[in-house]
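Here the structure comes first, spelled out in structure tokens, and everything after it is commentary.
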Ligand SMILES: [Zn+2]
């Protein structure tokens, strides 16, 4: 869906302004850089269209909204999401900026699938437009970014697949850890390269 980015679609209640500090942050930073370098999170003015997270205990740590993944991201580019209520559209977070617009999607995946330790969401024209030909599961219809409906479509696909496409939008890779989620993305890119 070529929908213009208009900010997050939830309300963030901040429980503190400390940026996350976690031993796995450097690994998340590495995968952000990889996504940028390999065209999996195309830049737009003021940010990059991709969002990556890992599970951190009962929280998740995710890229902030409107973050350029090309940059050597400082800790305050990331946000800890402590709680997320899809029904009210309310997110509780700690950090210095709004968490990614797709926070709902990440949070619901972690909640419903305890084995998931990392969620990487990126955008790649060929993977998205040719998913069916490539044998990648695709959600039935295009849905607005950041919506509860999009998150629920991801939940349905995640029940049977760890790499899938949100129709006319982008892909989602799921792993027990970041290395596994990242490997799925790069295996897919290698296949495209033939
Ligand atoms: Zn997206």
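The values are calculated or read from the model by the stated rules, or taken from the named source; none is laboratory data. Bear in mind that the values here come from a model prediction, so they are computed numbers and not experimental data. In this analysis, Cβ positions are derived from the backbone assuming ideal geometry, glycine residues included, and neighbour counts consider all displayed protein chains.
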ask   = Which of the residues that make up the range 86-101 are exposed (fewer than 15 other Cβ atoms within 10 Å of the Cβ) and either in contact with a helix residue (DSSP H, G or I) (Cβ under 9 Å, 6 or more places away or on another chain) or closer than 14 Å to residue 58 by Cα (or both)?
value = 87
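Can you confirm whether residue 23 is more than 16 Å from the ligand (Cβ to nearest atom) and within 25 Å of residue 129 (Cα to Cα)? Can you show your working first?
Working: more than 16 Å from the ligand (Cβ to nearest atom): yes; within 25 Å of residue 129 (Cα to Cα): no.
Here the answer is no, as residue 23 does not meet what is asked.
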note = Picked from the range 185-194 (must be closer than 16 Å to residue 122 by Cα and touching a residue at least 40 places away in the same chain (Cβ under 8 Å)), the residue nearest to the chain's Cα centre (by Cα) is 185
Total residues in the range 21-51, condition more than 17 Å from the chain's Cα centre (by Cα) and either farther than 18 Å from residue 180 by Cβ or touching a residue at least 24 places away in the same chain (Cβ under 8 Å) (or both) = 4
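Can you tell me which of 34, 1 is modelled with pLDDT of 95 or more and not in a strand (DSSP E or B)? Write out each step before concluding.
Details: 1 fails: modelled with pLDDT of 95 or more.
Within the list 34, 1, the selection yields 34.
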ask   = If you go through the range 102-158, how many residues are without any contact (Cβ under 8 Å) to a residue 60 or more places away in the chain, farther than 25 Å from residue 61 by Cβ and either assigned to a loop (DSSP other than H, G, I, E, B) or within 12 Å of the ligand (Cβ to nearest atom) (or both)?
value = 8
